[in-house]
Amino acid sequence: MRTLLSLLFTALFAAGAVAQVNITFVEYDLPNGLHVILHQDRSAPIVAQVVAYHVGSKNEKPDRTGFAHFFEHLMFEGSPNIARGEFTKMVQNAGGNLNAFTSFDQTVYFITVPSNQIELAMWMESERMLQLKVDSTGVETQRGVVKEERKQGLENRPYGSVLEKTMVNAFKVHPYRWTPIGSAQYIDRAAIDEFSTFYKAFYVPNNACLVIAGDIDIEKTKTLVAKYYGDIPRGSGDIYRPKEVEPPQTTEVRDTVYDNIQLPAVIMAYHMPAQGTKDNYALDMLTTLLSGGESSRMTKRLVDKDKLAVAVQSIPLSLEDPGLFLMFAVSNFGKTPREVENVIQEEIELVKKEQMRESEFTKIRNQRESEFIQKNSTVQGKALQLANYHLFFGDANLINKEIDRLMQVTREDVQRVAQQYLANVNRTVLYYLPKAQQGQ
Amino acid sequence: MKRFLLILFACAAVMTTAVQAQLDRSKIPPPGPAPAVSFPDYDLLTTSNGMRIIVVRNTELPTITIRLVIDREPVLEKEHAGYVDIAGQLMRSGTATRTKDQLDEEIDMLGASIGAGGTSIFANGLSRNSEKLIELVSDITLHPSFPKDELEKLVMQTTSGLKARKSEPDQIVEVLRKKVLYGSAHPYGEVETEETVGRITREKCVEMYRTFFKPNAAIMAVVGDVDTKTILALVEKYFGGWKKGELPKPVFADPQGFEKLQVALVDRPSSVQSVIRVAQGVELPRTSPDVMPVSVMNSVLGGGVFRLFTNLREKHSYTYGAYSSMGPDELIGAFTAYTSVRNSVTDSALKEIFYEIRRMRDEPVESVELDRAKSFMSGSFVASLEVANTVANYALEIERYSLPKDYYKTYLKRLAAVDAKEVKRVATQYLQPDKMLVAVVGSSKDVKEKLAAFGPVTMYDEEGNVVVAKPATVVKVSVDQIFAGFLQKTGGKAKYAALKDKTLELSGKMQGMDMKLKTVQKAPAKLYQEMSMMGMVQRTGYDGTKGWTASPQGIQDLEAGQLESMKVEAPIEFYSAYKALGYKAEVTGVKEIKGKEFYEVSFTAQSGPQMRHYFDTKDFLKFREVNVSTTPRGPMEQSTDLFDYKDFQGYLVPTRYEQSVMGQSMTFTLEKCVFNTGIDDKTFEKPAK
């Protein structure tokens, strides 16, 4: 009877009785190579515009780390038609807001305005794609700002250096070994003519995706897109994409970092396949099993039962090239990283040894389904996702469908990827210890 | 069913050419006609036992969010500071019919999440599970069991968090700001600590629940793909058994405020930035008509990319960001200007912050700026209506604070009515820069003197307690006198003139393992050191110009940083050699250590470690040497205490050394000490292999 019920249970969910996400949109390319996606959503009188450039910290040279992010700051400096210091003010004057971010693989700019200001947003964004103007005052000011940003987020913040330390230890060859914020010494060396070269190479329409979502008329917007972005010339040169392939890691890497912290932390980073691949999705589901919700394996064991950790998280750092499967745990006061690591290892071995229970499998599927549905609540969020799905997966419709890929992962898959990728020789382990323990 | 994409269209090329001729990029495109703004409606009902329910229907996504808020006065927690929130969290950890494990499993299985705290219980999930979620919230709200072992767990986790707080500058500054600005007799000035949390008992948690959790004090906001009738029926069904009752209505005296500007500083030696809060209390209840002009005024001063940001970041590059916030409150509202700046510009940044605050009071704001602020606020408000939960929060506010029912419907109209005169009036009325609190967490060594320019500086620890400083002793002795005294005491002029070489052998323990250390020095400044532990030997040498190190791994030249350290350690008599090494020495105070007093002499140089040496004020015997080196993670201090001086061939030498680095210590004992035995120069030269 129980088997029958559980089979029925599984069948129900395997059949894809998943709540549907139905975001409709139009997409096409301009002759200059710009990919355009338009999505109408009239629920609020606002419009979100996103331009994602396919350039990030991995396109940098080793002696110019932080360059792409520094350049992101310079993209607010204006154009022949927008005076220095006016860019953000113009958007605010119109009742809008704007921001940008740089990651390992892309740099994304977004402006959200009341819907009657859509032309302003398009004019401004196309101005800086076509003819950004940077002078040395701008460069020197932002150089200082970027260094303060690094201090605030990394040097003055407990555990702030975790990502930086993890990447440099896990990657020996690939540009992922440095992080987008880069290093102050190279930030200091970046020269104004280098920015010009960078701009001409990467900030071209054929290296970008434009998304406009919100209170728009599709046909009218197509006309506006042609008006503002149509005259921007396609980039003439080749776009540099790093060719380095990180060789398989064959020995465990371990290191200790002394930081201004009170509670020790453990970081474990395993190499994993790039986003969009079958095993990447299986590892993604594994993170939900391990730390998604209060009843998840790691949370229940380390935080609730053994009281070893204040918090534990497994995170898939899914990137365009193979990234890392991360585990991060902050230990309770008086507990050592070794104790925490040992228990994490026990839980990992359990996953490898036995397939998860049927009910657990149903649970993590429900959790991911719920999460997927709730992702799409704002026009700005939807626009960012559409750009991301096009740029890295070549399929914007994944905004509706990516959940299906997660739902195709089986219990066998999860067990297999744990066995295959969560091997000691494939990992970097960092202990973060309070400075008071240095010399012990 | 497959979904079909709407397909791209083909005429783009033709259209583009036709339109291009019309674009004049030099002109800023004018806006179209302003779109209509509709404020979403919501339903407000009351159940038979007095619970208020707000329902905001939003069918965009098949989700439901439930927020149950207890509308009560703030609580003065005193020696149990933290208990209200912990009692709230404990409600989630078990009910009469469900253990925490069971709750966790059930909630995760729904793909939902439920959390609880001192003021509210929050649930979120898919709307098809609405009844289940309401039932779970009701179980947690009506039948919490307050398990003792779960309380212990929460206390343990909270305690860990409080320890971690000691390293987080943003959290320390918030503790500092609250405690100093409001004082610990006010509920807003209370700070939970390990001590207060350690006192929390199950009884205290139950007491909190019985005092405050009553249906007539509860407002539940439900948002999502729901309908009001169904929700009301479900709430009546599951919450019907909840009994009404009265809540206490305490009255709190307003915090005193300051007669003049105060500076509060928490020393964080490793800080590379000062985390700054310029703060003041403001009497501004939510029903005050000044709330809107104050909001506009704050926007111009420090909302987003306005005056503080433009000045401190765009103009001066002091910081990644500088902002201000100013909000109403029924007890006492708050103004805070906040930023993090590198140490060296702490005073410059504060100067600019006060410059901008004063400018808001002294000069009417220009119409360009005012219009921009109002446009920005208007746009933000309209954009916020996109999120149904925000609408629910607005509705909650109207209920809790007895605001006019159309408060948010009239928002844009009231915003439009604010003019420059109003902005200046509220700036002058509410901002008192001469009486503000400057709260800083940073490196005292780098910033304390800079802060003194703004007002009297009081030092605090990370929990907001005043640190009592010893009165500074007036020091009348010079460095030369101290060094001469030390040399006289430990051998005398003649002996030091005759000093050719010195050999020390020490033994010690490191991590339970025996260690031997040998040091050989030859006048004027050659140094050889040998350390052996567990059969492994590490040797270093400095011959006056070059330095090397040899270990089982091989022989290497010393790196720049290590070479500098060796250079400083090498002179056989440091006090006649320090100037040539580029150091300046000065007496920087008198320090009390374990009941005795010592002169502090600080050595500073352009490069190389900074040092402090401590000499007994009575006999000039040196008690302590401190080395401060700079690492990428900040300054690192290494300290050696010297005990039990004994006579060796007429020289006084310490026979016990206690070395500590940031609180961890190792002891070394002197086994052998000989002078002037004749040491070959070869000892200090780099070996062949």
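The values are calculated or read from the model by the stated rules, or taken from the named source; none is laboratory data. Since we're looking at a predicted model, the values are computed, not measured. Positions of Cβ are backbone-derived with ideal geometry, glycine not excepted, and every protein chain shown enters the neighbour counts. All accessible areas refer to the heavy atoms of the entire protein, side chains included, with ligands and DNA or RNA removed. Shrake-Rupley method; radii C 1.70, N 1.55, O 1.52, S 1.80 Å.
Taking segment A:369-384, which residues are surrounded by fewer than 22 Cβ atoms within 10 Å (Cβ to Cβ), facing another protein chain (nearest Cβ under 8 Å) and either under 17 Å from the mean Cα position of the chain (by Cα) or not small (Gly, Ala, Ser) (or both)?
Of everything in segment A:369-384, those that are surrounded by fewer than 22 Cβ atoms within 10 Å (Cβ to Cβ), facing another protein chain (nearest Cβ under 8 Å) and either under 17 Å from the mean Cα position of the chain (by Cα) or not small (Gly, Ala, Ser) (or both) turn out to be A:Glu369, A:Glu371, A:Ile373, A:Gln374, A:Asn376, A:Thr378.
Tell me yes or no: at least one residue of segment B:251-264 is at positive phi and either over 20 Å from the mean Cα position of the chain (by Cα) or away from chain A (no Cβ under 13 Å) (or both).
Looking through segment B:251-264, at least one residue is at positive phi and either over 20 Å from the mean Cα position of the chain (by Cα) or away from chain A (no Cβ under 13 Å) (or both).
Might you let me know whether segment A:110-118 holds any residue that is more than 8 Å from chain B (Cβ to nearest Cβ) and open to solvent by less than 10 Å² (accessible area, probe 1.4 Å)?
Looking for residues that are more than 8 Å from chain B (Cβ to nearest Cβ) and open to solvent by less than 10 Å² (accessible area, probe 1.4 Å), one finds at least one in segment A:110-118, hence yes.
Yes/no matrix, rows are residues, columns are (1) within 18 Å of the chain's Cα centre (by Cα); (2) surrounded by fewer than 21 Cβ atoms within 10 Å (Cβ to Cβ); (3) more than 10 Å from chain B (Cβ to nearest Cβ):
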{"position": "A:Asn81", "(1), (2), (3)": "no, yes, no"}
{"position": "A:Ala94", "(1), (2), (3)": "no, no, no"}
{"position": "A:Ala100", "(1), (2), (3)": "yes, yes, yes"}
{"position": "A:Asp105", "(1), (2), (3)": "yes, no, yes"}
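Just checking: which of the helices (runs of 4 or more DSSP H) contained wholly in segment B:425-500 hold 2 or more residues that are closer than 30 Å to B:Tyr578 by Cα and free of Cβ contacts under 8 Å to residues at least 24 places away in the same chain?
B:479-489, B:493-497
Among the residues of segment A:185-200, how many are over 23 Å from the mean Cα position of the chain (by Cα) and in a helix (DSSP H, G or I)?
Summing the residues that are over 23 Å from the mean Cα position of the chain (by Cα) and in a helix (DSSP H, G or I) in segment A:185-200 gives 11.
Could you give me the residue pairs with C-beta distances under 6 Å whose first residue belongs to segment B:661-672 and is within 12 Å of B:Lys518 (Cβ to Cβ) and within 14 Å of another protein chain (Cβ to nearest Cβ), whose second residue is modelled with pLDDT of 85 or more and open to solvent by less than 70 Å² (accessible area, probe 1.4 Å) wherever it lies, and which are 6+ apart or on separate chains?
B:Phe668/B:Leu506; B:Phe668/B:Gly508; B:Phe668/B:Tyr657
State all residues of segment A:31-74 that are assigned to a strand (DSSP E or B) and more than 18 Å from A:Ala100 (Cα to Cα); if no residue qualifies, say none.
Once the filter is applied, which keeps residues that are assigned to a strand (DSSP E or B) and more than 18 Å from A:Ala100 (Cα to Cα), segment A:31-74 yields A:His35, A:Val36, A:Ile37, A:Leu38, A:His39, A:Gln40, A:Ile46.
Within segment A:425-438, which residues are more than 29 Å from A:Gln262 (Cβ to Cβ) and either within 14 Å of another protein chain (Cβ to nearest Cβ) or open to solvent by 30 Å² or more (accessible area, probe 1.4 Å) (or both)?
A:Val425
Does segment A:279-298 contain at least one residue that is over 22 Å from B:Ile114 (Cβ atoms), crowded, with 20+ Cβ neighbours inside 10 Å, at pLDDT 95 or above and among the β-branched types (Val, Ile, Thr)?
Looking through segment A:279-298, none of the residues is over 22 Å from B:Ile114 (Cβ atoms), crowded, with 20+ Cβ neighbours inside 10 Å, at pLDDT 95 or above and among the β-branched types (Val, Ile, Thr).
Go through (1) more than 18 Å from A:Tyr431 (Cβ to Cβ); (2) out of contact with any Lys or Arg (no Cβ under 8 Å at 6 or more places or on another chain) for A:Ile344 and report which single condition fails.
Every listed condition holds for A:Ile344 apart from (1).
Check B:Val19, B:Val14 and return the single one that is modelled with pLDDT under 95, part of a helix (DSSP H, G or I) and out of contact with any helix residue (DSSP H, G or I) (no Cβ under 9 Å at 6 or more places or on another chain).
Matching residue, one of B:Val19, B:Val14: B:Val14.
What do you reckon, is B:Ala452 under 39 Å from the mean Cα position of the chain (by Cα), under 19 Å from B:Arg612 (Cβ atoms) and modelled with pLDDT under 95?
The answer is no for B:Ala452.
Run down B:Leu90, B:Leu68 and say which single residue is open to solvent by less than 10 Å² (accessible area, probe 1.4 Å) and assigned to a helix (DSSP H, G or I).
B:Leu90
Quick one: in segment B:107-166, which of the residues that are among the hydroxyl-bearing types (Ser, Thr, Tyr) and within 11 Å of another protein chain (Cβ to nearest Cβ) is most open to solvent (accessible area, probe 1.4 Å)?
B:Ser113
Which ones in segment A:309-336 are within 14 Å of chain B (Cβ to nearest Cβ), surrounded by fewer than 20 Cβ atoms within 10 Å (Cβ to Cβ) and part of a loop (DSSP other than H, G, I, E, B)?
Scanning segment A:309-336 gives A:Phe333, A:Gly334, A:Thr336.
Can you tell me which residue in segment A:128-142 is nearest to the other protein chains (Cβ to nearest Cβ), limited to those that are open to solvent by 10 Å² or more (accessible area, probe 1.4 Å) and over 16 Å from A:Asn81 (Cα atoms)?
Among those that are open to solvent by 10 Å² or more (accessible area, probe 1.4 Å) and over 16 Å from A:Asn81 (Cα atoms), it is A:Thr141.
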